[in-house]
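Have a look at the structure below, then the notes.
Taken together, the values in this text are just the output of simple stated rules run on the coordinates, not laboratory data. Just so it is clear, the model here is predicted, and its values are computed rather than measured. Glycine also receives a Cβ, built like all others from the backbone with ideal geometry; neighbour counts cover every protein chain displayed.
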Amino acid sequence: MDWLRRQEREWRTGWAFALPGFSALAIVMGFPLVYALVMSVSSQTLLHPDLLPLKGLGNFITVMSDPGFWGATWLTVIYSVVTVAGEFVLGLGIALMLNRTVKMKPVYFALLTIPMAMSPVSVALIWRMLLQPNLGIVNHVIQSLGGAPVDWLGNANLALWTMAGIDIWQQVSFVILILAAGLASLPKDPYEAAEVDGATSWQQFWNITLPMLRPVAMITVVIQLINEFRTYDLPYVLTRGGPGTSTEVLSFFAYRRAFLGLSLNEGAAASFALLLIVLAMTVVFFALLERQE
């Protein structure tokens, strides 16, 4: 009985400490989320501000009947896969090098935090000036080397990849720091045993480092995929979804539908479709992680 009372007292104490935080989350996140859900099944537009009459799933059907929705979804998938793959490969390589470096390691980590500390809007504005076709320093360097200037953000074939490169430049710092922390926490005994057995550096990396680093790597990939799927700042500042719809990711499609198309209800429906995609993706990744463990 004393054990049960102690457990009940600890349970009540835990909830008493957690209740203020849960209340703040409910106010800050819960209310806007519920209101957006109601808006997604309503008739609310900028020209018709009333929620009633409710349309049920009609807004979702209207949005998903638009070929632009599926085009934006596919573009978001491509963009997210490319950026996360680039961030992970580049981040893992740099993290491995930093893990072997002893001198000036704090300086390297300090430099790596600079892009991560910058807001995406600031990064987009800086790179937009650097990549300006006529006055940008990037094209100036290319021309000084004898090349032709490139319209990085105005060419439909280059705009998405340019935006992905800028995203990788900013977000790779986060991946490096997480993977470097994971590498630093790995035990040394397996490596010592592998060296005694004559294993090469590549064999140690493939058979020891990667398997032990897998949980950290999976979580890093999930976090970055979520960030990339909801990317909005870069396409808004750099290209406004253009040229045409070549950089119109799903988040920008929802913005365009809500505010440029004056249909707040359809924009909310598109946003909830994006939320469901991210939730499904997160559940699948964590299920795979638990299965591997």
- Message: In Å, what Kirkwood hydrodynamic radius results for the chain from the alpha-carbon pair distances?
- Response: 22.7 Å
- Task: Springs between alpha-carbon atoms under 10 Å, Gaussian network over the chain: tell me which of Met104, Met163, Met39 tops the mean-square fluctuations.
- Result: Met104
- Item | Theoretical ellipticity at 222 nm over the chain - DSSP helices of four or more residues, -39500 (n - 2.57) apiece, nearest 500 | -23000 deg cm²/dmol
- Message: I need to check one value: relative contact order of the stretch 68-292, counting alpha carbon pairs closer than 8 Å and at least 6 residues apart, in percent.
- Response: 28 percent
- Percent of Cα pairs exceeding the 17 Å cut-off, where the set is the stretch 39-154: 78 percent
- Message: Considering only C-alpha atoms, what is the centroid distance from the stretch 213-276 to the stretch 183-199, in Å?
- Response: 42 Å
- For the stretch 128-277, compute Rh as the Kirkwood radius over C-alpha pairs and then the Stokes-Einstein diffusion coefficient at 10 °C and 1.306 mPa s; write the answer in µm²/s, rounded to an integer. 84 µm²/s
- Charged-residue dipole, Cβ positions (Lys, Arg, Asp, Glu), the stretch 68-292 about Cα centre, Debye nearest 20: 320 debye
- Kirkwood-based Rg/Rh on the Cα set of the stretch 1-40 evaluates to 1.34
- Task: Mind pulling the per residue volume of the convex hull built on the Cα atoms of the stretch 114-190? Å³ is fine.
- Result: 142 Å³
- Query: Label-point separation (nm) for Leu51 and Met29, each offset 7 Å from Cα along Cα-to-Cβ?
  - Reply: 2.2 nm
